[in-house]
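Below is one structure, written out as structure tokens; comments come after it.
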Amino acid sequence: MRLLKLTLPLWRMILKLDLNFPGFQEDLFRLEKKELHALIRTLRRCAKMDFQQFMQSSGLNVEKIKSMQTEQGHSIYSLRINRSFRATFTVQEDFLRFIGLHPDHDSAYRQK
């Protein structure tokens, strides 16, 4: 599945993680210890990848949420943290901008 059209150099850049979105931080500070450890493990893994590796990683299960967009019109994606826990993010240049955490898998696909 083709998710984004990017120029080749951008595909090879190591990803930068933006965890500063207020909604993401609110969700972050509510996590239980087990969920927090799973999130940190996943973020460490993502920080070592370039965009192509990230999008092709089968363990992360990156999915475009077709029914949602940011106010600026950017696509929103979900990322698997563990079996029942997902994070939502958008891609802007070489940044993954995390916008929410969803310990309930299905809530990642509904607007707040």
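For this structure, a couple of remarks:
- Ranked Ser57, Ser78, Ser67, criterion: other C-beta atoms within 10 Å, fewest first: Ser67, Ser57, Ser78
- Proximal aspartates and glutamates to Lys16, defined as alpha-carbon separation beneath 13 angstrom and excluding residues fewer than eight positions away on the same chain: Asp50, Glu93, Asp94
- Interchain or long-range residues, amide H under 5 Å from Gln92's placed H: Arg97
- Across the range 15-95, the fraction of Cα-Cα pairs farther apart than 20 Å, rounded to a whole number, is 31%.
- Distance between the range 30-63 and the range 68-96 - C-alpha centres, whole angstrom: 12 Å
- By the count of other C-beta atoms within 10 Å, a proxy for reagent exposure, Ser84, Ser58, Ser75 are ordered fewest to most as Ser58, Ser84, Ser75.
- Cβ-derived FRET efficiency at R0 25 Å, Thr70 paired with Asp104, nearest 0.05: 0.70
- Among Arg30, Arg80, the ranking by other beta carbons within 10 Å of each residue's beta carbon, starting with the fewest, stands as Arg30, Arg80.
Throughout, read-outs are computed from the coordinates displayed, never taken from laboratory work. Bear in mind that the values here come from a model prediction, so they are computed numbers and not experimental data. Counting neighbours? That spans all protein chains shown, and the Cβs are built from the backbone with ideal geometry, glycine included.
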